[in-house]
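Everything on this sheet refers to the single structure shown next.
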Amino acid sequence: MTLIDTLRSALGASHVLTGDDTARYASDWTNVYQAAPLAVVRPANTEEVATAVRIAAKAGVAVVPVGGNTGLCGGAHAPGALMISLERMNRVREIRPDARIAVVEAGVVLDALHAAARAHDLIFPLSFGARGSAMIGGCLSTNAGGVNVVRYGSTRHLCLGLEVVLASGEVLDLMTALRKDNSGYDLKDLFIGAEGTLGIITAATLQLAPAPSAYASAMVALPTLGDALSLLNRLQSATGGAVEAFEYIPGATVEALVAHFDGMRPPFQRTYDVNILVEVGATAPCDATPLADGTLPIVTYLEEVLGQMLENGTVIDAVVARNEAQRVEMWARREGMAEVALAHRPFVNTDISVPLDRVQAFLDSMAPRLAEVDPGARTLVVAHLGDGNVHYTVQASRDEAGLLDAILEAVEDRALALGGSFSAEHGIGISKLASMRRRKNPVALSVMREIKTALDPQGVMNPGKVLPDA
Ligand SMILES: Cc1cc2nc3c(=O)[nH]c(=O)nc-3n(C[C@H](O)[C@H](O)[C@H](O)COP(=O)(O)OP(=O)(O)OC[C@H]3O[C@@H](n4cnc5c(N)ncnc54)[C@H](O)[C@@H]3O)c2cc1C
(Lines give C-alpha, C1' and ligand atoms only; values in the text may rest on other atoms or scores of the structure.)
Protein backbone atom coordinates (compact mmCIF):
# COMPACT_ATOMS: atom_id res chain seq x y z
CA MET A 1 0.00 0.00 0.00
CA THR A 2 1.17 3.56 -0.64
CA LEU A 3 1.40 6.08 2.18
CA ILE A 4 -1.84 7.73 0.97
CA ASP A 5 -3.66 4.37 0.88
CA THR A 6 -2.48 3.59 4.40
CA LEU A 7 -3.66 6.97 5.66
CA ARG A 8 -7.02 6.56 3.89
CA SER A 9 -7.66 3.19 5.40
CA ALA A 10 -6.76 4.51 8.88
CA LEU A 11 -8.53 7.89 8.79
CA GLY A 12 -11.20 7.47 6.11
CA ALA A 13 -10.77 8.46 2.46
CA SER A 14 -12.69 11.73 2.78
CA HIS A 15 -10.24 13.03 5.38
CA VAL A 16 -7.09 12.45 3.36
CA LEU A 17 -6.89 15.19 0.73
CA THR A 18 -4.56 15.22 -2.25
CA GLY A 19 -4.06 17.21 -5.47
CA ASP A 20 -6.42 20.17 -6.03
CA ASP A 21 -8.23 19.41 -2.77
CA THR A 22 -5.14 20.61 -0.88
CA ALA A 23 -5.09 24.01 -2.66
CA ARG A 24 -6.51 26.00 0.24
CA TYR A 25 -3.76 24.75 2.57
CA ALA A 26 -0.96 25.43 0.08
CA SER A 27 -0.66 29.16 0.68
CA ASP A 28 -0.41 31.16 3.86
CA TRP A 29 -2.33 34.38 4.60
CA THR A 30 0.48 36.57 3.28
CA ASN A 31 0.77 34.57 0.01
CA VAL A 32 4.52 34.69 0.52
CA TYR A 33 4.82 30.98 1.32
CA GLN A 34 3.23 28.76 -1.28
CA ALA A 35 3.90 25.05 -1.81
CA ALA A 36 1.91 21.93 -2.49
CA PRO A 37 1.88 19.45 0.41
CA LEU A 38 2.03 15.74 -0.36
CA ALA A 39 -1.40 15.41 1.27
CA VAL A 40 -3.53 16.95 4.00
CA VAL A 41 -5.12 14.76 6.67
CA ARG A 42 -7.94 15.95 8.89
CA PRO A 43 -8.02 13.71 11.97
CA ALA A 44 -11.09 13.67 14.20
CA ASN A 45 -9.34 12.97 17.49
CA THR A 46 -6.01 12.62 19.26
CA GLU A 47 -5.69 8.94 18.45
CA GLU A 48 -6.06 9.67 14.74
CA VAL A 49 -3.38 12.39 14.97
CA ALA A 50 -1.07 9.85 16.60
CA THR A 51 -1.88 7.28 13.91
CA ALA A 52 -1.12 9.77 11.11
CA VAL A 53 2.18 10.75 12.76
CA ARG A 54 3.20 7.10 13.14
CA ILE A 55 2.38 6.33 9.50
CA ALA A 56 4.29 9.38 8.23
CA ALA A 57 7.28 8.71 10.46
CA LYS A 58 7.45 5.11 9.29
CA ALA A 59 7.54 6.33 5.70
CA GLY A 60 10.12 9.03 6.58
CA VAL A 61 7.72 11.80 5.50
CA ALA A 62 7.78 15.17 7.27
CA VAL A 63 4.70 16.23 9.23
CA VAL A 64 3.50 19.85 9.36
CA PRO A 65 0.60 20.73 11.68
CA VAL A 66 -1.70 23.51 10.52
CA GLY A 67 -4.45 25.47 12.24
CA GLY A 68 -5.95 28.55 10.60
CA ASN A 69 -2.85 29.13 8.42
CA THR A 70 -2.76 32.79 9.54
CA GLY A 71 0.80 32.62 10.87
CA LEU A 72 3.01 35.37 9.47
CA CYS A 73 6.39 33.57 9.38
CA GLY A 74 5.86 30.59 7.04
CA GLY A 75 5.66 28.10 9.91
CA ALA A 76 3.06 25.94 8.16
CA HIS A 77 4.91 25.85 4.81
CA ALA A 78 4.80 22.18 3.82
CA PRO A 79 6.38 21.38 0.46
CA GLY A 80 6.03 17.63 -0.10
CA ALA A 81 5.08 17.06 3.54
CA LEU A 82 2.04 15.59 5.21
CA MET A 83 -0.02 18.44 6.63
CA ILE A 84 -2.09 17.57 9.67
CA SER A 85 -5.00 19.98 9.91
CA LEU A 86 -6.59 20.21 13.34
CA GLU A 87 -9.76 21.80 11.94
CA ARG A 88 -12.08 18.89 12.80
CA MET A 89 -10.87 18.85 16.41
CA ASN A 90 -12.93 21.90 17.20
CA ARG A 91 -14.79 21.03 20.38
CA VAL A 92 -14.84 23.17 23.47
CA ARG A 93 -14.89 20.13 25.74
CA GLU A 94 -15.92 22.02 28.86
CA ILE A 95 -16.01 25.39 30.52
CA ARG A 96 -15.65 25.25 34.31
CA PRO A 97 -16.80 28.71 35.38
CA ASP A 98 -15.94 28.30 39.08
CA ALA A 99 -12.33 27.37 38.27
CA ARG A 100 -12.35 29.83 35.34
CA ILE A 101 -10.93 27.33 32.89
CA ALA A 102 -11.78 26.03 29.43
CA VAL A 103 -10.78 22.60 28.15
CA VAL A 104 -10.55 22.77 24.37
CA GLU A 105 -9.35 20.86 21.36
CA ALA A 106 -6.56 22.37 19.28
CA GLY A 107 -8.78 23.15 16.29
CA VAL A 108 -11.11 25.50 18.17
CA VAL A 109 -11.12 28.86 16.39
CA LEU A 110 -10.27 31.75 18.72
CA ASP A 111 -13.60 33.52 18.01
CA ALA A 112 -15.50 30.34 18.93
CA LEU A 113 -13.73 30.15 22.29
CA HIS A 114 -14.53 33.82 22.87
CA ALA A 115 -18.22 33.07 22.31
CA ALA A 116 -18.17 29.98 24.54
CA ALA A 117 -16.51 31.88 27.39
CA ARG A 118 -18.87 34.86 27.00
CA ALA A 119 -21.84 32.57 27.63
CA HIS A 120 -20.46 32.21 31.19
CA ASP A 121 -19.67 35.92 31.59
CA LEU A 122 -15.99 35.11 31.14
CA ILE A 123 -13.42 35.91 28.47
CA PHE A 124 -10.47 34.13 26.95
CA PRO A 125 -8.28 37.24 26.88
CA LEU A 126 -6.31 36.68 23.68
CA SER A 127 -7.33 38.76 20.71
CA PHE A 128 -5.99 39.97 17.38
CA GLY A 129 -7.19 40.63 13.84
CA ALA A 130 -7.07 36.98 12.69
CA ARG A 131 -9.26 35.69 15.57
CA GLY A 132 -11.94 34.50 13.11
CA SER A 133 -9.52 31.93 11.61
CA ALA A 134 -6.60 31.33 14.00
CA MET A 135 -6.96 28.15 16.06
CA ILE A 136 -5.92 27.45 19.64
CA GLY A 137 -3.20 24.99 18.54
CA GLY A 138 -1.72 27.66 16.26
CA CYS A 139 -1.97 30.34 18.97
CA LEU A 140 -0.17 28.11 21.46
CA SER A 141 2.42 27.01 18.92
CA THR A 142 3.32 30.60 18.05
CA ASN A 143 2.79 31.83 21.62
CA ALA A 144 0.63 34.54 20.07
CA GLY A 145 0.42 37.92 21.75
CA GLY A 146 -2.11 40.38 20.36
CA VAL A 147 -3.69 43.45 21.89
CA ASN A 148 -4.38 42.39 25.48
CA VAL A 149 -0.91 41.27 26.61
CA VAL A 150 -0.57 44.42 28.73
CA ARG A 151 -3.21 43.00 31.09
CA TYR A 152 -3.28 39.23 30.61
CA GLY A 153 0.07 38.16 29.11
CA SER A 154 0.75 36.07 25.98
CA THR A 155 -0.86 32.71 25.16
CA ARG A 156 1.78 30.95 27.27
CA HIS A 157 0.52 32.77 30.36
CA LEU A 158 -3.04 31.62 29.67
CA CYS A 159 -2.24 27.92 29.37
CA LEU A 160 -2.45 25.52 32.31
CA GLY A 161 -2.31 22.17 30.56
CA LEU A 162 -1.57 20.58 27.20
CA GLU A 163 -2.00 17.33 25.33
CA VAL A 164 0.67 16.67 22.70
CA VAL A 165 1.28 13.93 20.14
CA LEU A 166 5.01 13.31 19.98
CA ALA A 167 7.07 12.31 16.95
CA SER A 168 7.01 8.73 18.25
CA GLY A 169 3.22 8.72 18.07
CA GLU A 170 2.98 8.64 21.88
CA VAL A 171 0.47 10.95 23.54
CA LEU A 172 1.96 13.20 26.23
CA ASP A 173 -0.89 13.99 28.62
CA LEU A 174 -0.16 17.20 30.52
CA MET A 175 -3.81 18.24 30.76
CA THR A 176 -3.66 19.59 34.28
CA ALA A 177 -5.97 22.36 35.44
CA LEU A 178 -3.57 23.27 38.23
CA ARG A 179 -2.22 26.73 38.86
CA LYS A 180 0.57 25.30 40.97
CA ASP A 181 2.43 22.18 39.90
CA ASN A 182 6.16 21.92 40.54
CA SER A 183 6.48 18.23 39.74
CA GLY A 184 9.70 18.39 37.73
CA TYR A 185 10.47 20.20 34.47
CA ASP A 186 7.61 22.23 33.02
CA LEU A 187 7.32 20.26 29.78
CA LYS A 188 4.23 22.15 28.62
CA ASP A 189 6.28 25.29 28.10
CA LEU A 190 8.56 23.45 25.68
CA PHE A 191 5.72 22.96 23.22
CA ILE A 192 4.30 26.47 23.52
CA GLY A 193 6.05 28.60 20.90
CA ALA A 194 7.71 25.54 19.30
CA GLU A 195 5.70 25.96 16.07
CA GLY A 196 5.06 22.24 15.68
CA THR A 197 8.75 21.29 15.67
CA LEU A 198 8.52 19.19 18.85
CA GLY A 199 5.04 17.70 18.67
CA ILE A 200 1.44 18.34 17.72
CA ILE A 201 -0.77 20.03 20.29
CA THR A 202 -4.16 18.33 20.32
CA ALA A 203 -5.86 19.86 23.37
CA ALA A 204 -5.29 22.45 26.08
CA THR A 205 -6.60 23.65 29.41
CA LEU A 206 -6.81 27.43 29.28
CA GLN A 207 -7.38 30.14 31.84
CA LEU A 208 -10.38 32.41 31.51
CA ALA A 209 -10.88 35.82 33.10
CA PRO A 210 -13.97 37.69 34.25
CA ALA A 211 -15.59 39.58 31.39
CA PRO A 212 -15.34 43.34 31.81
CA SER A 213 -18.91 44.59 32.03
CA ALA A 214 -17.94 47.99 30.66
CA TYR A 215 -15.13 49.41 28.61
CA ALA A 216 -13.73 52.90 28.32
CA SER A 217 -12.02 53.35 24.98
CA ALA A 218 -10.36 56.40 23.48
CA MET A 219 -8.09 57.65 20.75
CA VAL A 220 -5.56 60.02 22.26
CA ALA A 221 -3.04 62.29 20.54
CA LEU A 222 0.08 63.12 22.55
CA PRO A 223 3.28 65.09 21.98
CA THR A 224 5.66 62.13 22.52
CA LEU A 225 5.77 58.43 23.33
CA GLY A 226 7.15 59.42 26.75
CA ASP A 227 3.85 61.22 27.38
CA ALA A 228 2.04 58.11 26.16
CA LEU A 229 3.84 56.03 28.82
CA SER A 230 2.81 58.59 31.46
CA LEU A 231 -0.78 58.12 30.31
CA LEU A 232 -0.42 54.33 30.57
CA ASN A 233 1.08 54.47 34.06
CA ARG A 234 -1.41 57.03 35.36
CA LEU A 235 -4.30 54.98 34.04
CA GLN A 236 -2.91 51.79 35.57
CA SER A 237 -2.69 53.56 38.93
CA ALA A 238 -6.15 55.11 38.63
CA THR A 239 -7.84 51.84 37.67
CA GLY A 240 -5.87 49.22 39.60
CA GLY A 241 -4.18 47.86 36.46
CA ALA A 242 -7.28 47.66 34.27
CA VAL A 243 -5.69 48.84 31.01
CA GLU A 244 -6.69 46.15 28.51
CA ALA A 245 -5.00 47.54 25.41
CA PHE A 246 -2.52 50.32 24.66
CA GLU A 247 -1.77 50.54 20.95
CA TYR A 248 0.41 53.09 19.19
CA ILE A 249 -0.65 54.19 15.71
CA PRO A 250 1.63 56.86 14.21
CA GLY A 251 0.13 59.63 12.07
CA ALA A 252 1.65 58.23 8.86
CA THR A 253 -0.02 54.90 9.58
CA VAL A 254 -3.38 56.58 10.15
CA GLU A 255 -3.01 58.25 6.74
CA ALA A 256 -2.13 54.92 5.08
CA LEU A 257 -5.17 53.24 6.68
CA VAL A 258 -7.53 55.97 5.56
CA ALA A 259 -6.11 55.82 2.02
CA HIS A 260 -6.42 52.01 1.91
CA PHE A 261 -9.94 51.40 3.24
CA ASP A 262 -13.02 53.00 1.65
CA GLY A 263 -15.02 54.85 4.28
CA MET A 264 -12.40 54.69 7.04
CA ARG A 265 -12.27 58.02 8.88
CA PRO A 266 -9.23 59.46 10.67
CA PRO A 267 -9.61 59.74 14.46
CA PHE A 268 -8.93 63.50 14.48
CA GLN A 269 -9.40 66.35 12.04
CA ARG A 270 -5.65 67.00 12.14
CA THR A 271 -2.90 64.43 11.72
CA TYR A 272 -0.86 63.94 14.89
CA ASP A 273 2.40 61.98 15.08
CA VAL A 274 1.58 60.02 18.23
CA ASN A 275 -1.87 58.42 18.48
CA ILE A 276 -2.82 55.87 21.11
CA LEU A 277 -5.81 53.57 21.10
CA VAL A 278 -6.39 52.91 24.79
CA GLU A 279 -8.98 50.65 26.33
CA VAL A 280 -9.73 50.14 30.02
CA GLY A 281 -11.99 47.32 31.19
CA ALA A 282 -14.17 47.42 34.31
CA THR A 283 -14.88 44.13 36.07
CA ALA A 284 -15.93 45.50 39.47
CA PRO A 285 -19.64 46.49 39.56
CA CYS A 286 -18.73 49.82 41.22
CA ASP A 287 -16.72 50.74 38.08
CA ALA A 288 -19.32 49.53 35.61
CA THR A 289 -22.61 50.76 37.11
CA PRO A 290 -23.82 54.06 35.57
CA LEU A 291 -23.86 57.09 37.88
CA ALA A 292 -26.98 59.29 38.29
CA ASP A 293 -26.05 61.31 35.18
CA GLY A 294 -25.65 58.12 33.12
CA THR A 295 -21.84 58.18 32.94
CA LEU A 296 -19.87 55.05 33.73
CA PRO A 297 -17.25 55.36 36.52
CA ILE A 298 -14.65 53.60 34.32
CA VAL A 299 -15.17 56.27 31.65
CA THR A 300 -14.87 58.96 34.32
CA TYR A 301 -11.47 57.61 35.46
CA LEU A 302 -10.24 57.76 31.88
CA GLU A 303 -11.66 61.24 31.31
CA GLU A 304 -10.19 62.56 34.54
CA VAL A 305 -6.67 61.42 33.63
CA LEU A 306 -7.08 62.74 30.08
CA GLY A 307 -8.43 66.06 31.42
CA GLN A 308 -5.43 66.55 33.73
CA MET A 309 -3.01 65.74 30.94
CA LEU A 310 -4.81 68.02 28.46
CA GLU A 311 -4.49 70.82 30.98
CA ASN A 312 -0.72 70.46 31.40
CA GLY A 313 -0.13 69.91 27.68
CA THR A 314 0.93 66.25 27.83
CA VAL A 315 -2.18 65.25 25.87
CA ILE A 316 -3.02 67.22 22.72
CA ASP A 317 -6.41 65.81 21.77
CA ALA A 318 -8.68 62.91 22.73
CA VAL A 319 -11.88 61.26 21.55
CA VAL A 320 -13.63 58.95 24.02
CA ALA A 321 -15.98 56.34 22.53
CA ARG A 322 -19.57 57.17 23.52
CA ASN A 323 -21.09 53.91 22.31
CA GLU A 324 -20.18 50.49 20.94
CA ALA A 325 -20.26 51.70 17.32
CA GLN A 326 -17.57 54.29 18.07
CA ARG A 327 -15.49 51.70 19.90
CA VAL A 328 -15.76 49.32 16.94
CA GLU A 329 -14.66 52.10 14.60
CA MET A 330 -11.55 52.68 16.73
CA TRP A 331 -10.66 49.00 16.65
CA ALA A 332 -11.28 48.71 12.89
CA ARG A 333 -8.33 51.05 12.32
CA ARG A 334 -6.01 48.93 14.43
CA GLU A 335 -7.19 45.64 12.98
CA GLY A 336 -6.88 46.83 9.39
CA MET A 337 -3.19 47.36 9.92
CA ALA A 338 -1.90 43.90 8.92
CA GLU A 339 -3.61 44.17 5.54
CA VAL A 340 -2.20 47.65 4.87
CA ALA A 341 1.31 46.75 5.99
CA LEU A 342 1.53 43.81 3.61
CA ALA A 343 -0.28 45.45 0.68
CA HIS A 344 2.81 47.04 -0.87
CA ARG A 345 5.59 44.70 -1.91
CA PRO A 346 8.46 44.18 -1.46
CA PHE A 347 8.25 44.55 2.29
CA VAL A 348 10.31 43.63 5.31
CA ASN A 349 7.88 42.70 8.05
CA THR A 350 9.45 42.88 11.49
CA ASP A 351 8.20 41.95 14.93
CA ILE A 352 10.70 43.33 17.43
CA SER A 353 10.32 44.13 21.10
CA VAL A 354 12.21 46.56 23.32
CA PRO A 355 11.61 47.72 26.88
CA LEU A 356 8.66 50.13 26.91
CA ASP A 357 10.79 53.18 27.68
CA ARG A 358 13.03 52.51 24.66
CA VAL A 359 10.43 52.38 21.89
CA GLN A 360 10.99 56.09 21.15
CA ALA A 361 14.77 55.58 21.03
CA PHE A 362 14.29 52.66 18.64
CA LEU A 363 12.15 54.72 16.28
CA ASP A 364 14.39 57.81 16.51
CA SER A 365 17.53 55.85 15.70
CA MET A 366 15.90 53.75 12.96
CA ALA A 367 14.87 56.68 10.76
CA PRO A 368 18.41 57.90 9.89
CA ARG A 369 19.74 54.34 9.71
CA LEU A 370 17.03 53.30 7.23
CA ALA A 371 17.72 56.41 5.15
CA GLU A 372 21.32 55.19 4.80
CA VAL A 373 20.38 51.62 3.91
CA ASP A 374 17.49 52.39 1.53
CA PRO A 375 16.79 56.10 0.98
CA GLY A 376 13.67 55.26 -1.08
CA ALA A 377 12.04 53.05 1.58
CA ARG A 378 8.74 53.86 3.30
CA THR A 379 7.83 52.65 6.76
CA LEU A 380 4.54 51.63 8.28
CA VAL A 381 4.70 51.30 12.02
CA VAL A 382 2.24 50.06 14.59
CA ALA A 383 3.06 48.95 18.12
CA HIS A 384 1.52 47.13 21.04
CA LEU A 385 3.07 49.90 23.15
CA GLY A 386 1.72 48.40 26.38
CA ASP A 387 4.15 45.47 25.95
CA GLY A 388 6.96 47.10 23.89
CA ASN A 389 6.26 45.14 20.68
CA VAL A 390 6.84 47.19 17.52
CA HIS A 391 5.80 46.02 14.04
CA TYR A 392 8.18 48.10 11.96
CA THR A 393 7.27 47.26 8.39
CA VAL A 394 9.56 48.61 5.70
CA GLN A 395 8.34 48.90 2.13
CA ALA A 396 11.63 48.70 0.30
CA SER A 397 12.44 50.60 -2.87
CA ARG A 398 13.65 47.48 -4.72
CA ASP A 399 13.05 43.74 -4.55
CA GLU A 400 16.66 42.69 -3.99
CA ALA A 401 17.44 39.98 -1.47
CA GLY A 402 20.62 41.78 -0.33
CA LEU A 403 18.75 45.04 0.28
CA LEU A 404 15.88 43.37 2.14
CA ASP A 405 18.34 41.54 4.36
CA ALA A 406 20.31 44.73 5.03
CA ILE A 407 17.06 46.42 6.14
CA LEU A 408 16.23 43.51 8.42
CA GLU A 409 19.73 43.59 9.89
CA ALA A 410 19.47 47.33 10.54
CA VAL A 411 16.17 46.87 12.40
CA GLU A 412 17.56 43.98 14.44
CA ASP A 413 20.78 45.90 15.22
CA ARG A 414 18.81 48.77 16.71
CA ALA A 415 16.41 46.53 18.65
CA LEU A 416 19.16 44.40 20.16
CA ALA A 417 21.32 47.42 20.99
CA LEU A 418 18.40 48.68 23.09
CA GLY A 419 18.07 45.40 24.98
CA GLY A 420 15.33 44.06 22.71
CA SER A 421 14.44 40.90 20.78
CA PHE A 422 14.13 40.29 17.03
CA SER A 423 11.02 38.15 17.59
CA ALA A 424 8.21 39.25 19.91
CA GLU A 425 4.98 37.46 19.06
CA HIS A 426 4.80 35.94 15.56
CA GLY A 427 7.34 33.16 15.99
CA ILE A 428 10.30 32.22 13.79
CA GLY A 429 8.93 29.88 11.10
CA ILE A 430 11.11 30.26 8.03
CA SER A 431 11.18 34.03 7.82
CA LYS A 432 13.36 34.58 10.90
CA LEU A 433 15.77 31.65 10.48
CA ALA A 434 18.61 33.98 9.44
CA SER A 435 17.92 36.14 12.48
CA MET A 436 17.99 33.07 14.74
CA ARG A 437 21.35 32.11 13.29
CA ARG A 438 22.99 35.48 13.72
CA ARG A 439 21.24 36.80 16.83
CA LYS A 440 20.33 33.95 19.15
CA ASN A 441 22.76 33.03 21.88
CA PRO A 442 24.80 30.06 20.52
CA VAL A 443 24.50 28.10 23.76
CA ALA A 444 20.72 28.55 23.70
CA LEU A 445 20.66 27.38 20.07
CA SER A 446 22.66 24.29 20.91
CA VAL A 447 20.37 23.43 23.86
CA MET A 448 17.37 23.84 21.55
CA ARG A 449 18.95 21.47 19.01
CA GLU A 450 19.56 18.89 21.73
CA ILE A 451 15.92 19.11 22.82
CA LYS A 452 14.80 18.75 19.20
CA THR A 453 16.99 15.67 18.73
CA ALA A 454 15.77 14.11 21.97
CA LEU A 455 12.10 14.53 21.09
CA ASP A 456 12.29 14.07 17.34
CA PRO A 457 15.40 12.02 16.50
CA GLN A 458 14.21 11.35 12.93
CA GLY A 459 13.50 15.04 12.29
CA VAL A 460 9.94 14.52 10.99
CA MET A 461 8.23 17.28 12.99
CA ASN A 462 7.98 20.44 10.89
CA PRO A 463 11.60 20.30 9.70
CA GLY A 464 13.36 23.47 8.56
CA LYS A 465 11.42 25.75 10.92
CA VAL A 466 12.57 27.64 14.04
CA LEU A 467 16.09 26.12 14.18
CA PRO A 468 18.61 27.16 11.53
CA ASP A 469 20.93 24.40 10.30
CA ALA A 470 23.90 23.87 12.60
C1 LIG B 1 -4.60 39.86 10.16
C2 LIG B 1 -3.66 39.17 11.09
C3 LIG B 1 -3.39 39.74 12.33
C4 LIG B 1 -2.53 39.10 13.23
N5 LIG B 1 -2.28 39.69 14.42
C6 LIG B 1 -1.50 39.06 15.31
C7 LIG B 1 -1.22 39.65 16.59
O8 LIG B 1 -1.66 40.77 16.89
N9 LIG B 1 -0.46 38.96 17.46
C10 LIG B 1 0.06 37.73 17.15
O11 LIG B 1 0.74 37.15 17.99
N12 LIG B 1 -0.15 37.17 15.94
C13 LIG B 1 -0.90 37.79 15.02
N14 LIG B 1 -1.10 37.23 13.79
C15 LIG B 1 -0.43 35.97 13.44
C16 LIG B 1 -1.27 34.69 13.61
O17 LIG B 1 -2.63 34.94 13.56
C18 LIG B 1 -0.95 33.99 14.89
O19 LIG B 1 0.40 33.57 14.81
C20 LIG B 1 -1.82 32.75 15.18
O21 LIG B 1 -1.47 32.30 16.45
C22 LIG B 1 -1.66 31.61 14.20
O23 LIG B 1 -2.70 30.66 14.42
P24 LIG B 1 -3.09 29.64 13.27
O25 LIG B 1 -4.07 28.67 13.80
O26 LIG B 1 -3.48 30.36 12.04
O27 LIG B 1 -1.70 28.90 13.05
P28 LIG B 1 -1.03 28.41 11.69
O29 LIG B 1 -0.69 29.57 10.83
O30 LIG B 1 -1.86 27.35 11.08
O31 LIG B 1 0.32 27.76 12.26
C32 LIG B 1 1.30 28.56 12.87
C33 LIG B 1 2.44 27.65 13.34
O34 LIG B 1 1.99 26.79 14.38
C35 LIG B 1 2.10 25.41 13.98
N36 LIG B 1 0.88 24.73 14.45
C37 LIG B 1 -0.40 25.01 14.11
N38 LIG B 1 -1.23 24.21 14.81
C39 LIG B 1 -0.46 23.43 15.60
C40 LIG B 1 -0.72 22.40 16.55
N41 LIG B 1 -1.96 22.03 16.83
N42 LIG B 1 0.32 21.82 17.18
C43 LIG B 1 1.60 22.19 16.91
N44 LIG B 1 1.91 23.16 16.01
C45 LIG B 1 0.89 23.77 15.38
C46 LIG B 1 2.23 25.44 12.46
O47 LIG B 1 2.95 24.32 11.98
C48 LIG B 1 2.99 26.74 12.26
O49 LIG B 1 4.35 26.53 12.50
C50 LIG B 1 -1.94 37.86 12.86
C51 LIG B 1 -2.21 37.29 11.62
C52 LIG B 1 -3.05 37.94 10.74
C53 LIG B 1 -3.32 37.28 9.43
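Brief remarks follow.
- Accessible-area ranking of 191, 261, largest first, probe 1.4 Å: 261, 191
- Selection from 218, 115, 161, by position along the positive dipole direction of the chain (Cβ): 161
- Shape summary of the range 344-429, radius of gyration then Dmax from alpha carbon positions: 12.0, 34 Å.
- For the chain, the Kirkwood radius over C-alpha pairs fed into Stokes-Einstein at 25 °C and 0.890 mPa s yields D = 105 µm² per second.
- 15 Å beta-carbon shell around residue 315, net charge (K/R +1, D/E -1): -4
- Dipole of the chain [Lys/Arg +1, Asp/Glu -1 at C-beta], most positive-end residue of 380, 101, 229: 101
- Extension gain, residue 1 to residue 181: 0.36 nm times the residue separation minus the Cα-Cα distance gives 60.2 nm.
- In terms of packing, defined here as the mean over residues of other Cβ atoms within 10 angstrom, the peptides 28-35, 182-189, 461-468 line up highest first as 461-468, 28-35, 182-189.
- Within the accessible area of the range 92-210 (1.4 Å probe), percent carbon and sulfur: 49
- Along each principal axis, Cα extent of the range 214-337, largest first, Å: 42, 30, 23
- Once the 1.4 Å probe is applied to the protein heavy atoms, the range 3-85 comes out at 39 Å² accessible per residue.
- Of the solvent-accessible surface of the range 214-337, computed with a 1.4 Å probe and all protein chains present, 52% belongs to carbon and sulfur.
- Working note: Cα gyration tensor of the range 92-210, eigenvalues times five, square-rooted, sorted largest first, giving semi-axes of 21, 16, 13 Å.
- Between the C-alpha center of the range 142-191 and that of the range 402-470 there is a gap of 21 Å.
- Accessible-area value, residue 265, 1.4 Å probe, nucleic acids and ligands omitted, Å²: 140
- Ranked by how many other beta carbons lie within 10 Å on average, peptides 109-121, 62-74, 318-330 from highest: 62-74, 109-121, 318-330
- Cα-centred dipole magnitude for the chain, charges only on beta-carbon of K, R (+1) and D, E (-1), debye, nearest 20: 760
- Based on protein heavy atoms only, the range 312-470 ends up with 44 Å² per residue of surface accessible to a 1.4 Å probe.
- Of the DSSP H helices in the chain, those whose Cα atoms cover at least 15 Å axially and whose Kyte score averages -1.0 or more: 46-59, 225-239, 297-311, 359-373, 401-417, 442-455
- The helix-based estimate of mean residue ellipticity at 222 nm for the chain, built from -39,500 (n - 2.57) per DSSP H run of four or more residues and divided by its residue count, is -10000 deg cm²/dmol to the nearest 500.
- Charged neighbours of residue 299, selected by a Cβ distance under 12 Å, balance to -3 (K, R count +1; D, E count -1).
- Dipole of the chain computed with +1 at Lys/Arg Cβ and -1 at Asp/Glu Cβ about the Cα centre; of 470, 365, 69, farthest Cα towards the positive end is 470.
- Taking the protein heavy atoms of the range 3-85 in the context of the full set of protein chains, the accessible area attributed to carbon and sulfur is 50 percent at 1.4 Å.
The values are calculated or read from the model by the stated rules, or taken from the named source; none is laboratory data. None of these values were measured; they are calculated from a predicted model. FYI the Cβ positions are ideal-geometry reconstructions off the backbone, even for glycines, and counts take in every protein chain you see. For the accessible areas, the whole protein counts, side chains as well, though only heavy atoms, and no ligand, DNA or RNA atoms are used. Shrake-Rupley method; radii C 1.70, N 1.55, O 1.52, S 1.80 Å.
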